[in-house]
Amino acid sequence: MIEWTLPESWQISFEEFMSEYDDCFLRSETREKAKLYVRGILADVERKNGWQLAETLGLADPHPLQRLLNEAKWDANQVQQQQRQQVLSELDDEAGVVVIDESGYPKKGKASAGVAAQYCGRNGKVETCQVGVYLTLATRTGTGFLDRRLYLPQSWCEDAARCQQAHIPQDVQFQTKPQLAQQMLAQVWAEGVTSRYVTGDTLYGNSPGLRQFIADAHRIYVLAIGSHHQATIAGNRQPLPAIATTMADTKWEQMALTLAENGVVWYDWCACRVILGKEDTQEQWLLIRRPLDENPPYDFFISNAPVETPLTELVAVALMRHEIEQVFEEAKGQLGLADYEVRTWHGWHRHMTLCFLAHTWLMTISHLEREKKYISRAG
């Protein structure tokens, strides 16, 4: 049986935390299995797959856990919605940044929902994998998961029999990753997320539809875009790298807003007003980053932030994108986010949701300990 060797106060905290979700699990058996599953992925186990979790939890086999993910009656979206509210209660979303990103999970075979030969960021190459699109809320005091969607490639949407075998709901249609991000943004904004900033990598910044959707919602994006774009500056349309090379040295500012294993990371930054699309009429901020090298590569970001927005604010928002990488590392290394063994659509979303619960509880414990230290020092 699992050795729950946490301090007694933490055990009480966990029980109270999970009790908030009792109404999401109508049957007591399902409720207890969900609690057991979360305790299992919080345990010190090398891999959080079915058999290792079952052994750690004192179960004869992983069937009860598999049933929880695949067959038991409970609504993962209902749990997810409540988990979001707990994230918002712990973090200052008004001062935070909503971050869009994706993560790939290498998988063998062809039966798992959404599996296909596609780019897997985890390994940096195209391989057979599943890909999920995620939203997180990044703040100065922590980062929490907000939502998740399994990406379903076009080939899957054209194969009804394959979708039925993976228990993919009939109303699920093909959506691009930016469209999935848009769907999640609409959901969290409708539920009261007040953060005005959104950031993400080039996959999302290169989407005019997503940028327009964010702007129409009266939110501000600072999104990475590819260097292949052209923009109009001072009446001249030029490739972005050409614009970067013409920036006078006086316009670049050195900033160190990130840390790495080797210490502080310095970059040169500058920003200028441009018109990005040929059909656009509104100027936006083009944010440019370069490392302190002799022949540096440039990174580009586009933002609809007001003209009076300071450079430091644009840079700070752009760099919040990297917070999700740390959260993924924690969730995969400590909570088995990538160790799932489910093939169905619902199984994938349920596993992700329960991992989010575990991560959210850890965040509450971290904040509690920080408050205790602060009170102790103040006293």
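Every number here is computed from the coordinates shown, using simple stated rules; none is lab data. These figures come from a predicted structure and were not determined experimentally. Backbone-built Cβ (ideal geometry, glycine too); neighbour counts: all protein chains shown.
Classify region 35-150 as rounded, prolate or oblate, taking a ≥ b ≥ c as the square roots of the eigenvalues of its Cα gyration tensor: rounded when a/c is under 1.5, otherwise prolate if a/b is larger than b/c and oblate if not.
Working: a/c = 1.87, a/b = 1.18, b/c = 1.58.
Oblate, because a/c is 1.5 or more while a/b does not exceed b/c.
Given a Förster distance of 45 Å, report the FRET efficiency between Asn77 and Glu253 from their Cβ-Cβ distance, rounded to the nearest 0.05. Please list the in-between numbers first.
Working: r = 44 Å, r/R0 = 0.98.
Efficiency at R0 = 45 Å is approximately 0.55.
For region 15-20, in order, what is each residue's ³J(HN,Hα) by Karplus, 6.51 cos²θ - 1.76 cosθ + 1.60 with θ = phi - 60°, in whole Hz (x at glycine and Pro)?
Listing the rounded values in order: 4, 5, 4, 5, 5, 5 Hz.
How would region 282-330 be classified by its alpha-carbon gyration tensor: rounded, prolate or oblate, with rounded meaning a/c under 1.5 and the a/b versus b/c comparison settling the rest?
Oblate is the answer for region 282-330, as a/c is 1.5 or above yet b/c matches or exceeds a/b.
Which label marks the calculated value of percent of Cα pairs over 30 Å apart, given the options (i) 45; (ii) 41; (iii) 55?
It is the value labelled (i).
By how many degrees, 0 to 90 and rounded to 10, does the Cα axis of helix 323-334 deviate from the longest principal axis of the chain?
Between helix and principal axis, roughly 20 degrees.
Arrange the peptides 28-35, 16-23 so that the one whose residues have, on average, the most other Cβ atoms within 10 Å appears first. Walk me through the intermediate numbers first.
Values: 28-35: 17.1, 16-23: 14.0.
The densest-packed peptide leads the list: 28-35, 16-23.
For the chain, what does -39500 (n - 2.57) per DSSP helix run (n ≥ 4), summed and divided by total residues, give at 222 nm, in deg cm²/dmol to the nearest 500? Could you put the intermediate results ahead of the total?
Numbers: 14 runs with 156 residues, N = 379.
Helix-only estimate at 222 nm: -12500 deg cm²/dmol.
What does the extension gain come out to for Glu308 and Ala95, with contour length at 0.36 nm per residue minus their alpha carbon separation? Please list the in-between numbers first.
Values: separation 213, 0.36 × 213 = 76.68 nm, distance 1.82 nm.
Taking 0.36 nm per residue and subtracting the Cα distance, the gain is 74.9 nm.
Using a 4.7 Å Cβ cut-off, which Cys residues in the chain lack a partner cysteine?
Result for the chain is Cys24, Cys157, Cys163, Cys270, Cys272, Cys355, no neighbouring Cys Cβ within the cutoff.
Evaluate the distance, in nm, between pseudo-label points positioned 7 Å from the Cα of Gln230 and of Lys110 along their respective Cα→Cβ axes.
4.3
Arranged from highest to lowest average of other beta-carbon atoms within 10 Å per residue, in what order do the peptides 95-104, 154-163 appear?
Highest to lowest by the protection proxy: 95-104, 154-163.
Just how far, in whole angstrom, is region 175-253 from region 54-103 if you go by their alpha carbon centroids?
Cα centroid of region 54-103 versus Cα centroid of region 175-253: 29 Å apart.
In the chain, with Lys and Arg counted as +1 and Asp and Glu as -1 at Cβ, which of these residues, Ala224, Tyr37, Ser155, has the Cα nearest the positive end of the dipole, that is, farthest along it?
Ser155
Have a look at Pro296, Pro178, Pro153 and tell me which one the Gaussian network model of the chain (Cα, springs below 10 Å) gives the largest fluctuation.
In this elastic network of the chain, the residue with the biggest mean-square fluctuation among Pro296, Pro178, Pro153 is Pro296.
Only Cα pairs within less than 10 Å get springs; with that Gaussian network setup on the chain, which residue of His349, His322, His228 has the largest fluctuation?
His228
If you add up the charges near Ser112, with Lys and Arg at +1 and Asp and Glu at -1, over every other residue whose beta carbon is less than 12 angstrom from its beta carbon, what do you get?
Values: positive: Lys107, Lys108, Lys110, Arg162, Arg343; negative: Glu341.
Value of the local net charge: +4.
Can you find, among Ile275, Ser303, Ala113, the residue sitting farthest towards the positive end of the charge dipole of the chain, where Lys and Arg contribute +1 and Asp and Glu -1 at Cβ?
Working it through, the farthest residue towards the positive pole turns out to be Ala113.
Assuming 0.36 nm per residue, please report the length gained on full extension of the stretch Tyr119 to Glu20 beyond their Cα-Cα distance. The partial results should precede the final answer.
On the way: separation 99, 0.36 × 99 = 35.64 nm, distance 3.78 nm.
Length difference between fully extended and current span is 31.9 nm.
Under a straight-distance cross-link criterion of Cα-Cα below 18 Å, which aspartates and glutamates are reachable from Lys251, leaving out those fewer than 8 residues away in the same chain?
Reachable aspartates and glutamates: Asp268, Asp293, Glu294, Asp299, Glu308, Glu313.
If you restrict to DSSP beta bridges whose two residues both lie in the chain, what percentage is antiparallel, to the nearest 5?
In the chain, approximately 85 percent of DSSP beta bridges are antiparallel ones.
How many nm separate the modelled label positions at Asn49 and Val172, each set 7 Å beyond the Cα in the direction of the Cβ?
Simple spin-label model gives 2.3 nm for this pair.
Using a simple spin-label model with points 7 Å from Cα along the Cα→Cβ vector, what separation in nm is obtained for Thr245 and Cys157?
Taking the two extended label points, one gets 4.0 nm.
Would you mind counting up the charge near Asp61? Only other residues with Cβ under 14 Å from its Cβ, with Lys and Arg at +1 and Asp and Glu at -1. The partial results should precede the final answer.
Numbers: positive: Lys33, Arg67; negative: Glu55, Glu341.
Residues near Asp61 contribute 0 overall.
Which value, in debye to the nearest 20, describes the size of the charge dipole of region 252-335 about its Cα centre when Lys and Arg Cβ atoms bear +1, Asp and Glu Cβ atoms bear -1, and nothing else is charged? Write down the numbers at each step before the final one.
Numbers: 6 positive and 15 negative charges, 27 e Å.
Roughly 120 debye, rounded to the nearest 20.
Dividing the alpha-carbon Rg of region 221-308 by 2.2 N^0.38 Å yields what?
On the way: Rg = 13.5 Å, N = 88, 2.2 N^0.38 = 12.1 Å.
Normalised Rg, Cα atoms only: 1.12.
Pairs of alpha-carbon atoms within less than 8 angstrom and 6+ residues apart define the contacts here; what relative contact order does the chain have, in percent?
RCO, the chain: 18 percent.
Could you size up the charge dipole of the chain around its Cα centre, putting +1 on the beta carbon of Lys and Arg and -1 on that of Asp and Glu, and report it in debye to the nearest 20?
It works out to roughly 700 debye.
Among Leu53, Leu362, Leu335, which one shows the biggest mean-square fluctuation in a GNM of the chain, springs joining Cα atoms closer than 10 Å?
For the chain, modelled as a Gaussian network with Cα springs under 10 Å, the answer is Leu362.
Report the local net charge at Asp268: Lys and Arg +1, Asp and Glu -1, summed over other residues whose C-beta lies under 12 Å from its C-beta.
Residues close to Asp268 contribute a combined charge of -1.
Could you pull out the pairs from Lys35/Lys73; Lys48/Lys107; Lys125/Lys177; Lys33/Lys107; Lys73/Lys110; Lys107/Lys332 whose alpha carbons sit more than 20 Å apart here?
Working: Lys35/Lys73 15 Å; Lys48/Lys107 15 Å; Lys125/Lys177 18 Å; Lys33/Lys107 26 Å; Lys73/Lys110 26 Å; Lys107/Lys332 15 Å.
Beyond 20 Å: Lys33/Lys107; Lys73/Lys110.
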